[in-house]
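Below is one structure; the comments refer to it alone.
The values are calculated or read from the model by the stated rules, or taken from the named source; none is laboratory data. Predicted, not measured: the structure shown is a model, and the values here were computed from it. Note that each Cβ is placed from the backbone with ideal geometry, even for glycine, and that neighbours are counted across all protein chains shown. Please note that ligands, DNA and RNA were not included when accessible areas were found on the heavy atoms of the full protein model with its side chains. Shrake-Rupley method; radii C 1.70, N 1.55, O 1.52, S 1.80 Å.
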Protein chains: 2
Amino acid sequence: MARSDGQNLTYRIVQALGVAIVSGAYSAKNPFPIEADLCKQYGASRSVLREAVKMLTAKGLLSARPRQGTWVQPEEAWNLLDPDVLRWLLERKPSYALLREFGQVRLAVEPKAAALAAAVAPREAKAAIATALEQMAQADRDEDDPLPSDIAFHLAVLRASGNRFYSQLSGVTESALRISIRLQNRYKGVRRASVPDHKKISDAILAGDADGAEQATRALIQEALELINKADSDGVSEPRKVRRS
Amino acid sequence: MARSDGQNLTYRIVQALGVAIVSGAYSAKNPFPIEADLCKQYGASRSVLREAVKMLTAKGLLSARPRQGTWVQPEEAWNLLDPDVLRWLLERKPSYALLREFGQVRLAVEPKAAALAAAVAPREAKAAIATALEQMAQADRDEDDPLPSDIAFHLAVLRASGNRFYSQLSGVTESALRISIRLQNRYKGVRRASVPDHKKISDAILAGDADGAEQATRALIQEALELINKADSDGVSEPRKVRRS
DNA sequence: CCTGATTATTTGTAATATAAATAGGATTAT
DNA sequence: ATAATCCTATTTATATTACAAATAATCAGG
């Protein structure tokens with residue numbers, strides 16, 4: 001697994017420490033503990049603990065030096081685009097600021113991905129988009145939760161772009177979408193998935209209409225972004241923590 | 001250090017293995033070695049070697065299971081947006097495909113970053129952009145290498161956007177820009193830094209003209225991207241490996 | 001007060017032992 | 001013969017201990 005699930009002790013510690021770090025649990029008055037103390041705290045051997053710390057170091061969260069200890073890196077050094085890091089941040093410390101910033105990324109990227117998908121995606125990739133749309137419509141009719149198919153739709157578009165960096169973003173988009181859409185639900189009440197808006201995108205991509213796909217996607221995400229800004233300025237309570245999956 | 005420089009044994013092994021992995025050194029006929037063999041190969045203890053492997057696992061390059069061994073993840077799982085991973089890829093295995101894909105990312109992101117910078121950047125951040133432009137002009141006059149100031153300019157714009165994800169991208173943009181601009185040099189002959197094009201961007205940002213900044217940036221990157229495509233279809237030799245910094 | 005040696009602390013590296021997981025082969029029952 | 005089960009070998013996971021290296025803090029001597 002690429003993700004840090006709870007399969008073994010090391011990954012459990014990575015998860016626990018990662019969450020604690022991005023939640024701001026460590027600071028000047030509560031510095032990051034030394035190895036020995038963390039071993040005691042988690043009941044783990046030095047080997048395991050050091051491996052966990054090294055994984056967090058690889059994600060830009062920590063840094064270490066002999067005698068100086070191990071410390072939390074400044075936030076600018078964190079690999080925000082690492083799926084684990086972004087997930088920890090969004091699940092434990094969701095903020096309108098972060099949602100807005102990620103919304104801006106989506107607004108920059110997804111319309112271009114849709115345009116590329118329209119222009120160059122192979123038949124199967126386009127089919128995956130159509131399938132996600134169909135499931136979304138189905139969920140809408142049955143008044144099921146549209147979230148999974150909504151997410152699947154956006155990921156399918158990113159993947160269909162054929163751009164590896166965009167595909168890569170699907171990993172982090174998944175977390176962000178989950179939080180964003182939950183916010184929309186709470187703000188607008190029971191969610192009616194905007195099937196027609198998504199259908200416009202899908203139709204344009206299937207028809208090979210790059211411009212149309214780009215504009216339709218931009219409109220959709222612009223709306224989501226505006227909702228975030230509106231909820232923020234209206235002072236709607238910050239999006240709540242989410243249960244771990 | 002967030003980057004894997006050669007400070008200690010673990011990081012040297014991370015670097016060596018990371019490069020080997022992204023270069024495709026391991027495959028079905030040459031599977032990733034078991035711990036014991038890697039220890040011998042690098043003359044390191046199991047602790048050090050395991051910590052290095054864990055760091056590469058955190059970057060999505062490796063995965064491991066008891067009895068099954070450690071193996072290289074499929075390329076889709078690699079954290080392409082990890083600065084180390086992208087640097088290894090671009091330095092060791094630069095391809096037009098990857099440069100084009102990263103160019104598409106820049107084309108999506110940088111114009112929006114410039115627009116944001118024009119709209120919201122504080123005075124110091126704008127000043128940093130102006131300074132980079134000035135150094136670029138200076139280098140141009142003195143026929144010095146314009147590369148460092150060119151890079152500094154783009155990073156300053158990304159940072160001035162105030163969007164943490166865009167700032168984050170500056171880490172990976174640095175590697176990609178270095179390769180891209182080298183390519184332009186070889187293709188167009190001695191490079192004359194396009195100071196006027198960058199000045200347009202800087203002026204618009206300083207004037208708070210978001211649309212102007214966006215369009216000027218788009219034009220600049222579009223040109224760079226077209227050059228990559230042109231060099232590719234003209235069959236110009238693939239960009240060469242770069243010495244390690 | 002400064003300078004340089006000393007010490008103490010923390011991470012870095014090494015070596016070894018045992019546990020857990022599991023692919024693949026051997027065994028047994030039907 | 002086939003299927004289910006057990007066994008075994010291999011590889012990573014975890015634990016423990018020891019020592020090395022780096023360096024901040026302390027102390028001694030001028």
Taking the range A:66-99 and keeping only residues that are within 16 Å of DNA strand D (Cβ to nearest atom) and touching a strand residue (DSSP E or B) at 6+ places or on another chain (Cβ under 9 Å), one is left with A:Thr70, A:Trp71
Quick one: in the range A:1-44, of everything that is away from DNA strand C (no atom under 15 Å from the Cβ) and not aliphatic (A, V, I, L, M), which residue is modelled with the lowest pLDDT?
A:Arg3
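Of all the helices (runs of 4 or more DSSP H) wholly in the range B:1-115, which have at least 1 residues that are more than 8 Å from chain A (Cβ to nearest Cβ) and aromatic (Phe, Trp, Tyr)?
Values: elements: B:9-22, B:35-42, B:46-58, B:83-92.
Answer list for the range B:1-115: B:9-22, B:35-42, B:83-92.
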Conditions (1) within 16 Å of DNA strand C (Cβ to nearest atom); (2) open to solvent by less than 20 Å² (accessible area, probe 1.4 Å): number failed by A:Trp71
(2)
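Restricting the search to the range B:45-54, which residues are within 11 Å of DNA strand C (Cβ to nearest atom) and either farther than 24 Å from A:Gly60 by Cβ or under 28 Å from the mean Cα position of the chain (by Cα) (or both)? I'd like the intermediate steps shown before the answer.
Filtering the range B:45-54 down to residues within 11 Å of DNA strand C (Cβ to nearest atom) leaves B:45-52.
Residues satisfying the conditions are B:Ser45, B:Arg46, B:Val48, B:Leu49, B:Arg50, B:Glu51, B:Ala52.
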Residue in the range B:136-154 that is aromatic (Phe, Trp, Tyr) and closer than 22 Å to A:Leu81 by Cα present
no
List the pairs whose first member sits in the range B:56-72 and is within 16 Å of A:Leu81 (Cα to Cα), whose second member is among the acidic types (Asp, Glu) and more than 7 Å from DNA strand D (Cβ to nearest atom), and whose Cβ atoms are under 7 Å apart, counting only residues at least 6 apart or on separate chains?
B:Lys59/B:Asp82; B:Lys59/B:Asp84
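Hey, any hits in the range A:122-145 for a residue that's in a helix (DSSP H, G or I), closer than 30 Å to A:Glu35 by Cβ and without any contact (Cβ under 8 Å) to a residue 12 or more places away in the chain? So that I can check it myself, show each step before the final result.
The first filter runs over the range A:122-145 and keeps only residues in a helix (DSSP H, G or I), leaving A:123-141.
From what's left, closer than 30 Å to A:Glu35 by Cβ: none.
No.
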Every pair of residues 6+ apart whose Cβ atoms lie under 7 Å, when the first sits in the range B:1-17 and is more than 14 Å from B:Leu86 (Cα to Cα) while the second is among the aromatic types (Phe, Trp, Tyr) and at pLDDT 80 or above:
B:Asp5/B:Tyr11; B:Ile13/B:Tyr42
Exception for B:Thr57 within (1) within 14 Å of DNA strand C (Cβ to nearest atom); (2) crowded, with 23+ Cβ neighbours inside 10 Å falls at (1)
Step by step: first the residues of the range B:158-200, then only those that are hydroxyl-bearing (Ser, Thr, Tyr) and open to solvent by 10 Å² or more (accessible area, probe 1.4 Å), then the one that is modelled with the highest pLDDT. Which residue is that?
B:Ser167
